1. Being touching a Lys or Arg at 6+ places or on another chain (Cβ under 6 Å), touching a residue at least 12 places away in the same chain (Cβ under 8 Å) and aromatic (F, W, Y) narrows it down to one of F293, F306, so name that one.
2. Could you grab me the full set of residues in the range 83-113 that are under 27 Å from N191 (Cβ atoms) and either in contact (Cβ under 8 Å) with a residue 60 or more places away in the chain or charged (D, E, K, R) (or both)?
3. Given the condition more than 30 Å from I266 (Cβ to Cβ) and surrounded by 17 or more Cβ atoms within 10 Å (Cβ to Cβ), answer yes or no: does some residue in the range 328-335 qualify?
4. Take the conditions out of contact with any Lys or Arg (no Cβ under 7 Å at 6 or more places or on another chain), modelled with pLDDT under 50, within 26 Å of N159 (Cβ to Cβ) and surrounded by 14 or more Cβ atoms within 10 Å (Cβ to Cβ) and apply them to L72. Does it pass?
5. List the number of the failed condition for S137; all other conditions in (1) closer than 21 Å to L351 by Cβ; (2) open to solvent by 10 Å² or more (accessible area, probe 1.4 Å) hold.
6. Going by the structure shown, is A144 of a type outside the set (S, T, N, Q), under 22 Å from F276 (Cβ atoms), free of Cβ contacts under 8 Å to residues at least 60 places away in the same chain and part of a helix (DSSP H, G or I)?
7. Please pick out the residue among T242, T232 that is over 29 Å from G79 (Cβ atoms) and open to solvent by less than 40 Å² (accessible area, probe 1.4 Å).
8. Taking E257 as the residue in question, decide whether it is under 30 Å from P361 (Cβ atoms), modelled with pLDDT of 95 or more, surrounded by fewer than 24 Cβ atoms within 10 Å (Cβ to Cβ) and among the acidic types (D, E).
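The values are calculated or read from the model by the stated rules, or taken from the named source; none is laboratory data. Just so we're clear, the structure is a prediction, and the values are computed from it rather than from any experiment. FYI the Cβ positions are ideal-geometry reconstructions off the backbone, even for glycines, and counts take in every protein chain you see. Just so you know, the surface numbers come from the protein's heavy atoms only, side chains and all, with ligands and any DNA or RNA stripped out. Shrake-Rupley method; radii C 1.70, N 1.55, O 1.52, S 1.80 Å.
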Amino acid sequence: MSKQMSHLDDIPSTPGKFKMEKSPFVHNRLRWHSSLAKLTFWSFIFLGLILIFFFRSPSSNPLPQDPSRRSLRTYNWGGLAWEKRVRSSARVRSHNGISVLVTGAAGFVGTHVSAALKRRGDGVLGLDNFNDYYDPSLKRARQALLERSGVFIVEGDINDSALLRKLFEVVAFTHVMHLAAQAGVRYAMENPGSYVHSNIAGLVSLLEVCKSANPQPAIVWASSSSVYGLNTKVPFSEKDRTDQPASLYAATKKAGEEIAHTYNHIYGLSLTGLRFFTVYGPWGRPDMAYFFFTRDILKGKSIPIFEAANHGMVARDFTYIDDIVKGCLAALDTAEKSTGSGGKKKGPAQLRVYNLGNTSPVPVSDLVSILERLLKVNAKRDIKKLPRNGDVQFTHANISLAQRELGYKPSTDLQTGLKKFVRWYLSYYNGGKKAAG
């Protein structure tokens, strides 16, 4: 562009042998017209380039560079064949079955919950945007697993209200299992917008469609143990204060609980929030410590083990995925019907929150020791101070309310659960010769 401009500047503004009068007025006027012509010419060139970029960029680069907007890309949905797949997947096969829309179905918990619902004869339709917060190929592998069992995952975003309305037009869902969210405590410091987009705006988008559905579905959704934040009273009970979040992730989940209360109060939506405590197991998330510890131990890399002030231990209430799934299904089965119709509340509606944990916190150093035994490899431990990035020193669930009202009884200890995870990990990555990051 600069070469082109310098070349054009070399061309005389009055080519040929014509000589301009030497009147200063005429000379200055001509220079002014010449400058105006150049300015007009380059303005049109610049405007043209902007228009070309504007109209061509969506097709040449459909994913914006800002990670918080990754999920806003265009998805293909609709049509008779698509509707047929949606209906088939959501069709109830058992006598007293329910029809469930599972958001985040290609995620860790979403995959396991969808498979469990399908196995018992419920109708299940998945929804997922397959973003790249972590390796999308793992999500695609989960998708293939579900498709083999008859679960169709619609590729789309929970912020796409038109898509959500269409799904409810095609299927009269009795329940929604809302698991779609931006996960991870530390990533919130890198990309805060993605948490607001998914965990707050996405939840509101879903609830807006659910409130207007006829009939309104009962909704079970994933909150988090992170809402307890800086709470020092243990074990954590649902009645404890949750107004001291230690991370933006925790704050968005706490906001979600307040939003749920609002939609329950105004529109009569039946809402149940589940506070998950450090879920682990096969098909898990690569950003979780047990997962990347396994990867790095096998690669001979050092792994960070955090300790609190004065060499205090960091512990987590690790909860195996099968126990979490049982809690999710129990919440769905005990959810009462929403009481609204046409966006208007007809009577009081159910509003619940439960802890789903294992009630047995384990120091992270013990987790590493178990992995060493299972992998038969010594870990290179890098002891570090717990950073101020949203992580808390410990989590410990009081599950008495879930035991009493849901019949929730976790039964998998960490040794047993990690053994199952390691078996899956070695089969998935080494058996399939896949790279583990």
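1. Working: F293 fails: touching a Lys or Arg at 6+ places or on another chain (Cβ under 6 Å).
Matching residue, one of F293, F306: F306.
2. Here is the first cut: in the range 83-113, the residues under 27 Å from N191 (Cβ atoms) are 101-113.
Scanning the range 83-113 gives L101, V102, T103, G104, A105, G107, F108, V109, G110, T111, H112, V113.
3. no
4. yes
5. (1)
6. no
7. T242
8. yes
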